[in-house]
1. Could you run through the stretch 93-121 and say how many residues are more than 20 Å from Gly53 (Cα to Cα), in contact (Cβ under 8 Å) with a residue 12 or more places away in the chain and among the basic types (Lys, Arg)?
2. Give the stretch 11-38 a look and list any residue that's more than 21 Å from Pro100 (Cβ to Cβ) and either over 17 Å from the mean Cα position of the chain (by Cα) or not assigned by TED's automatic domain parsing to the domain that holds Asp86 (or both), or say none.
3. Restricting the first residue to the stretch 12-33 and requiring it to be in contact (Cβ under 8 Å) with a residue 12 or more places away in the chain, which pairs with a second residue that is acidic (Asp, Glu) meet a Cβ separation below 6 Å and a spacing of at least six or different chains?
4. Answer with yes or no whether Ala71 is surrounded by fewer than 16 Cβ atoms within 10 Å (Cβ to Cβ), within 18 Å of Leu115 (Cα to Cα) and either of a type in the set (A, V, I, L, M) or touching a residue at least 12 places away in the same chain (Cβ under 8 Å) (or both).
5. With the condition kept exactly as written, say whether any residue in the stretch 67-76 is closer than 18 Å to Thr32 by Cβ, out of contact with any Ser or Thr (no Cβ under 8 Å at 6 or more places or on another chain) and at pLDDT below 95.
6. Quick check on this structure: which one of Ser125, Ser142 is of a type in the set (Ser, Thr, Tyr) and farther than 14 Å from Phe205 by Cβ?
7. Within the stretch 36-58, does at least one residue satisfy the condition of being among the basic types (Lys, Arg) and loosely packed, with under 13 Cβ neighbours inside 10 Å?
8. Scan Met105, Met84 and give me the residue that is surrounded by fewer than 20 Cβ atoms within 10 Å (Cβ to Cβ) and over 26 Å from Glu163 (Cα atoms).
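The values are calculated or read from the model by the stated rules, or taken from the named source; none is laboratory data. Small disclaimer: the values here were computed from a predicted structure and weren't measured. Virtual Cβ from ideal backbone geometry, glycine too; neighbours counted across all protein chains shown.
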Amino acid sequence: MNILLVEDDLALASALGDSLRRQNYAVNTVHTGKDALAAVKQAETDMVVLDLGLPDMDGLQVLKTLRSRDATLPVLILTARDSMNDKILGLDGGADDYLPKPFDMAELFARLRVLERRMGNATSSSISLHGVALNLAEHTVSVNDQPLSLPRREFMVLRILMENAGRVLSKQQFESKLYEWGDEVASNTIEVHISNLRKKLPDSFIKTIRGVGYTTPKG
């Protein structure tokens, strides 16, 4: 899941980005409205976390432009504007959710999970397939009720597979959701993650469709 974070406070942007990464999101950060619009246009983005008080243009104008280009891209406004009128303007302007600053990180994460469910990428906070259980809220995995510890990237690959059970995903699709701008991605990185997961998961949990990509069957 690739999030575009639009926040002009550099310290807050850095701290928030680190917290989101610990929740197994890939995070790309920009600090102006123009950069946000360019980023969404040029790179795959699953969700936007948008501040309104940007230095070059109002966040509501950014939202309006985003909506004119894509009516379905999830946008969560994260701002110091906390009046009821501000919330109404943001939601009526096309935001999917509105969270005033200061905020509790746990609440932000919960709201992002709700947006993911609306997108259809997750039907609940937990997914179970073929004896493998993935808890998105607690970031835990178990196989046949036995806890399994996974590195961050492997957890993310497994999540993508399970959320898209029955679909064949290419290496490029995995990379677009796992990695951020500037990350150096070796040509065999996804293959390595898949190979490591296969050693820890039930036989045939991950299937290779030669020349296309990888999938896990639906339950």
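1. Total satisfying the criteria: 3.
2. Thr32, Lys34, Asp35, Leu37, Ala38
3. Ala13/Glu7; Ala26/Glu180; Asn28/Glu180; His31/Asp8; Thr32/Asp56; Gly33/Asp56
4. In short, yes.
5. Here is the first cut: in the stretch 67-76, the ones closer than 18 Å to Thr32 by Cβ are 69, 75.
Adding the requirement that they be out of contact with any Ser or Thr (no Cβ under 8 Å at 6 or more places or on another chain) leaves 69, 75.
Next, from what is left, pick out any that are at pLDDT below 95: 69.
Among the residues of the stretch 67-76, at least one is closer than 18 Å to Thr32 by Cβ, out of contact with any Ser or Thr (no Cβ under 8 Å at 6 or more places or on another chain) and at pLDDT below 95, which makes the answer yes.
6. Checking each option against the conditions leaves just Ser125.
7. Scanning the stretch 36-58 turns up at least one residue that is among the basic types (Lys, Arg) and loosely packed, with under 13 Cβ neighbours inside 10 Å.
8. Of the residues listed, the single one that is surrounded by fewer than 20 Cβ atoms within 10 Å (Cβ to Cβ) and over 26 Å from Glu163 (Cα atoms) is Met84.
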